[in-house]
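Report on the following structure.
The values are calculated or read from the model by the stated rules, or taken from the named source; none is laboratory data. This structure is a prediction, so every number in the text was calculated from the model and none was measured. Every residue, glycine as well, gets a Cβ built from its backbone with ideal geometry; the counts of neighbours run over all protein chains shown.
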Amino acid sequence: MTAIPPAHRAIEAVWRIESARVIAHVARVVRDVGLAEELAQDALLAALERWPENGVPDNPGAWLMTTARRRALDHLRRQALHARKHEQIGHELDALEARIVPDFVDGLDVAREDDIGDDLLRLVFTACHPVLSREARVAMTLRLLGGLTTAEIARAFLTPEPTIAQRIVRAKRALGAARVPFEVPGPQARAARLASVLEVIYLIFNEGYAATAGSDWMRPALCEEALRLGRTLAGLMPDESEVHGLVALMEIQASRTHARVDAQGRPVLLPDQDRGRWDPLLIRRGLHALARAQALGGALGPYALQAALAACHARAPSAAETDWAQIAALYDALARVMPSPVVELNRAVAVGMAFGPAAGLEIVDALAAGAALENYHLLPSVRGDLLSKLGRFAQARAEFERAAGMTRNARERELLLARARAARG
């Protein structure tokens, strides 16, 4: 296998870190996210051509930023010439350059940090615009804000690369057709738009935390990407309690990563995890973010409540010492602010642990009577667990086998079939 040149490795690392900032800044200049990405990619190609020969610049992020912006200004000049509005556009470009070239780093002009923060925030809200489908928002977010290639996104979600490429192309067209402005929405629209942003970030995290398909139980790289996006958003919107609630939830959940699989990559359920392998730094960060969300008055926000649930597990020295009554109470609160069959299923687990499996099974049977979760493999999985605790082993075995037939994740299927074999009394 051919070794990757050091300069190319450096470029890849810099691009992953800086691409969102570069694209966001250029999008402010050209007012078109798709075009901004193309111009940023031009800057990346220039780096691939020059850095191996000339060496990596002292400030590689500034180099990419300046190169991309110069491409953007050249593009606008060509547009101006084509439109035969020389004098008018010339004045506009002079004013634009004066506004976006405020200082210098290593001889390269770069934008102010506060401008970059505003640009990133605009990019977040644009990539997660509700005019796009959920799948398109995820792909756009990972592409524009995560710096992932189309191939990397396709691998992460076990989706054919052409499918991801089509989603991204269609998303750009949809943003253009809807004339979505490159801006942070006003106060009235911000809440709904922020909900979309948080949903996308959490979708990315969840796909990494419990992969829906494939041969791996987890995809930690996606968890890390979602955490990076969440932390960035918290820095950009420090007074939004639910942003801190989401970050808290992801930090605490991610703290269990190393304990969630064994040496062979097989899943390890929460009661069986070695809590000594939980990451104390991530737990501290999560608890701090949760305290911040609560201090901002967001204790009853959906993400803050889910973070509080995760915190109950993080604070328990052992599985046996978990405060399940408190967890059940938190699920009651979550069901009031975010009612859904999945929340109700999780509440059933907590009720079963706090007040006995029969109480939990009553909730699950009510869910099973409806159609909302008929294709959700965790419904028979939870029912099998409760039936097993009640000594109804034949029924439990059938439920575990049914759940195994519904999941698309190979590791989870193995786990469920093992639980079915163990349900023999």
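Structural remarks
- Those helices (runs of 4 or more DSSP H) of segment 276-356 in which 2 or more residues are over 16 Å from Val243 (Cα atoms), outside the structural domain of Asp239 (by TED's automatic domain parsing) and among the β-branched types (Val, Ile, Thr) occupy 324-337, 341-355.
- Looking across segment 154-169, just one residue is surrounded by 15 or more Cβ atoms within 10 Å (Cβ to Cβ), of a type in the set (Val, Ile, Thr) and under 15 Å from Gly34 (Cβ atoms), and that is Ile168.
Here's the yes/no breakdown for (1) under 24 Å from Arg155 (Cα atoms); (2) assigned to a helix (DSSP H, G or I); (3) out of contact with any Lys or Arg (no Cβ under 7 Å at 6 or more places or on another chain):
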position: Leu222; (1), (2), (3): yes, yes, yes
position: Gly230; (1), (2), (3): yes, yes, yes
position: Pro238; (1), (2), (3): no, no, yes
position: Val247; (1), (2), (3): no, yes, no
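- Filter pass, Leu417 being surrounded by 19 or more Cβ atoms within 10 Å (Cβ to Cβ), modelled with pLDDT of 95 or more and not aromatic (Phe, Trp, Tyr): no
- Scanning segment 6-39 for residues that are touching a helix residue (DSSP H, G or I) at 6+ places or on another chain (Cβ under 6 Å) and free of Cβ contacts under 8 Å to residues at least 12 places away in the same chain yields nothing.
- When we screen Gly176, Gly214, Gly245, Gly186 for residues that are surrounded by fewer than 20 Cβ atoms within 10 Å (Cβ to Cβ), on the phi < 0 side of the Ramachandran plot, in contact (Cβ under 8 Å) with a residue 40 or more places away in the chain and not assigned by TED's automatic domain parsing to the domain that holds Ile23, the only hit is Gly176.
- Residues satisfying the stated conditions in segment 219-231, i.e. surrounded by fewer than 21 Cβ atoms within 10 Å (Cβ to Cβ) and modelled with pLDDT under 90: Arg219, Pro220, Ala221
- Looking at Leu361, Leu296, just one residue is crowded, with 18+ Cβ neighbours inside 10 Å and either more than 25 Å from the chain's Cα centre (by Cα) or under 28 Å from Thr407 (Cα atoms) (or both), and that residue is Leu361.
- Selection of segment 49-69 for residues being farther than 20 Å from Ala20 by Cα and either outside the structural domain of Ala13 (by TED's automatic domain parsing) or surrounded by 19 or more Cβ atoms within 10 Å (Cβ to Cβ) (or both) yields only Trp51.
- Residue count for segment 12-36, restricted to those that are out of contact with any Phe, Trp or Tyr (no Cβ under 6 Å at 6 or more places or on another chain) and crowded, with 20+ Cβ neighbours inside 10 Å: 16
- Test for Asp42: is it more than 23 Å from Arg143 (Cβ to Cβ) and either in contact (Cβ under 8 Å) with a residue 40 or more places away in the chain or part of a helix (DSSP H, G or I) (or both): no
- Test result for Arg277, of a type in the set (D, E, K, R) and in contact with a His (Cβ under 8 Å, 6 or more places away or on another chain): yes
- Residue satisfying condition, being over 23 Å from Ile17 (Cα atoms) and of a type in the set (Lys, Arg), within set Arg219, Arg190, Arg231: Arg190
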